[in-house]
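Here it is, the structure, as structure tokens.
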Amino acid sequence: MDTVLSGIRSTGHLHLGNYFGALRNFVRIQDSYRCFFFIADLHSLTTHPHPSDFHAGVKTILAEYLAAGLDPEKSAIYIQSDVPEISELYVLLNMLAYVGELERTVTFKEKVRQNPNNVNAGLLTYPVLMASDILVHRAQWVPVGKDQEQHLELARVFARRFNNMYGAEVFPEPRNMTFPGGAVKVPGLDGTGKMGKSNGNGIYLYDDEKTITKKVMKAVTDSGPTEPDSPMPEVIENLFTLLKLVSTPDTVEYFTGKWNDCSIRYGDLKKQLAKDICNVTLPIKERIDAIYNDDAYLSKVVASGRERARASAAATLAEVRKAVGFKPF
Ligand code: TYM
């Protein structure tokens, strides 16, 4: 069985974009792959979260992923910092990573531009830690979005370089896992593009009915179609994209017809959209609340994930150490 690995940022909340973009696919593949899902708490230290917020961020995102359907019986769900083998591999891979190639990473250059006062070495070596996350389980498949493809390419480079340097086939080269239908691009509610890109344009899985309705009713629209069958401006198309994700084909057809004959009332469209989003997210919200407040359950999940992840990681590190030339006295 092939191994799939996905790393989850430990800050913020899950929104509809995460859910329809990748998460639903993760839930589906749990039976057919050996899955590792982890919360990347070490990565988040590049931005120096306050110690009093750090744990809550991890707990929140863990509860939200579990509520959305990641199953700790099927998959290893763990916290990155619980697996010290990742940090050990990171040290070893750092010796093979060249400063020049790390400096050329698009995400690094972007961070330098955004935050010139915090260009720390952890930021520069972020792709090395990410490669360690992946290679520590010798994962063949890593689903990533466009912005992380370069990091995955670097993981392949480090895997190859390690194998060549030490003359051992320790690591497979991880490839991007794509899903049937491709990655769904979920637009935000402010007409500016992807959900989650800017503050306040997203519907979160933990939002309650009132919040969702309020957000959808405030979504940006235009003054309405003036000619039959006219092309939709982006802001309206975005609402239809969301509708297609959460509503029945009949509903989509009904409102498309209303657009085409210019009788559409955006208020009605939004009311329907809010109702159908709620149908998808409110059951998840209920589970989020229950799981977040069940410390005994969370601690069991984390312990079992840690155990499975460490067993896999320790087996890899044994081979890595042997290849590098460490020997017991
Ligand atoms: P991020 O926050 O962009 O995405 C989190 C996880 O969601 C999945 N994902 C996608 N999968 C398929 N298609 C997409 N369009 C898509 N967008 C997001 C990815 O599986 C991703 O893991 N730096 C990473 C976090 C990370 C990581 C890792 C990811 C740290 N170590 C090791 C993979 C492997 C990030 O920003 O992911």
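Among the residues of the range 186-203, which ones are surrounded by 14 or more Cβ atoms within 10 Å (Cβ to Cβ) and in contact with a Ser or Thr (Cβ under 8 Å, 6 or more places away or on another chain)?
The answer is Val186, Pro187, Gly188, Asp190, Thr192, Asn201, Ile203.
Related question: Could you say whether any residue in the range 127-145 is within 16 Å of the ligand (Cβ to nearest atom), open to solvent by 30 Å² or more (accessible area, probe 1.4 Å) and part of a helix (DSSP H, G or I)?
no
If only one of Thr281, Thr316 is surrounded by 14 or more Cβ atoms within 10 Å (Cβ to Cβ), in a helix (DSSP H, G or I) and not assigned by TED's automatic domain parsing to the domain that holds Gly7, which one is it? Before you say what the answer is, go through the steps one by one.
Values: Thr316 fails: not assigned by TED's automatic domain parsing to the domain that holds Gly7.
Result: Thr281 is the single residue among Thr281, Thr316 that is surrounded by 14 or more Cβ atoms within 10 Å (Cβ to Cβ), in a helix (DSSP H, G or I) and not assigned by TED's automatic domain parsing to the domain that holds Gly7.
Oh, and also: Among helices (runs of 4 or more DSSP H) lying entirely in the range 1-120, which contain 2 or more residues that are loosely packed, with under 14 Cβ neighbours inside 10 Å?
Because the criterion is at least 2 residues that are loosely packed, with under 14 Cβ neighbours inside 10 Å, the helices (runs of 4 or more DSSP H) in the range 1-120 that meet it are 51-68, 84-94, 99-103, 106-114.
Quick test for you: out of Asp250, Asp294, Asp289, pick the one residue that is over 25 Å from Leu205 (Cβ atoms) and of a type outside the set (A, V, I, L, M, F, W, C).
Result: Asp250 is the single residue among Asp250, Asp294, Asp289 that is over 25 Å from Leu205 (Cβ atoms) and of a type outside the set (A, V, I, L, M, F, W, C).
Could you tell me whether Phe255 is surrounded by 16 or more Cβ atoms within 10 Å (Cβ to Cβ), farther than 17 Å from Ile212 by Cβ and of a type outside the set (A, V, I, L, M)?
Considered against the rule, which asks whether it is surrounded by 16 or more Cβ atoms within 10 Å (Cβ to Cβ), farther than 17 Å from Ile212 by Cβ and of a type outside the set (A, V, I, L, M), Phe255 comes out as yes.
Determine if the range 146-166 includes at least one residue that is away from the ligand (no atom under 13 Å from the Cβ), in contact (Cβ under 8 Å) with a residue 60 or more places away in the chain and either closer than 20 Å to Ser312 by Cα or not in a helix (DSSP H, G or I) (or both).
Yes; the residues of the range 146-166 include at least one that is away from the ligand (no atom under 13 Å from the Cβ), in contact (Cβ under 8 Å) with a residue 60 or more places away in the chain and either closer than 20 Å to Ser312 by Cα or not in a helix (DSSP H, G or I) (or both).
Turning to a different aspect of this structure: Being under 17 Å from Lys270 (Cβ atoms) and either at pLDDT below 95 or acidic (Asp, Glu) (or both) narrows it down to one residue among Gly196, Gly224, Gly145, Gly181; which is it?
Working: Gly196 fails: under 17 Å from Lys270 (Cβ atoms); Gly145 fails: under 17 Å from Lys270 (Cβ atoms); Gly181 fails: under 17 Å from Lys270 (Cβ atoms).
That would be Gly224, the only listed residue that is under 17 Å from Lys270 (Cβ atoms) and either at pLDDT below 95 or acidic (Asp, Glu) (or both).
With the checklist (1) within 25 Å of Glu64 (Cα to Cα); (2) not in a helix (DSSP H, G or I) in hand, flag the one item Gly305 doesn't pass.
Among (1) within 25 Å of Glu64 (Cα to Cα); (2) not in a helix (DSSP H, G or I), Gly305 violates only (2).
Would it be correct to say that Ser6 is within 10 Å of the chain's Cα centre (by Cα) and polar (S, T, N, Q)?
Working: within 10 Å of the chain's Cα centre (by Cα): yes; polar (S, T, N, Q): yes.
Judged against the criteria, Ser6 is a match.
The values are calculated or read from the model by the stated rules, or taken from the named source; none is laboratory data. These numbers come from a predicted model, not from an experiment. Here the Cβ is made from the backbone with ideal geometry for all residues, glycine too, and neighbour counts use every protein chain on show. Side chains are part of the model used for accessible areas, which takes the heavy atoms of the whole protein and leaves out ligands, DNA and RNA. Shrake-Rupley method; radii C 1.70, N 1.55, O 1.52, S 1.80 Å.
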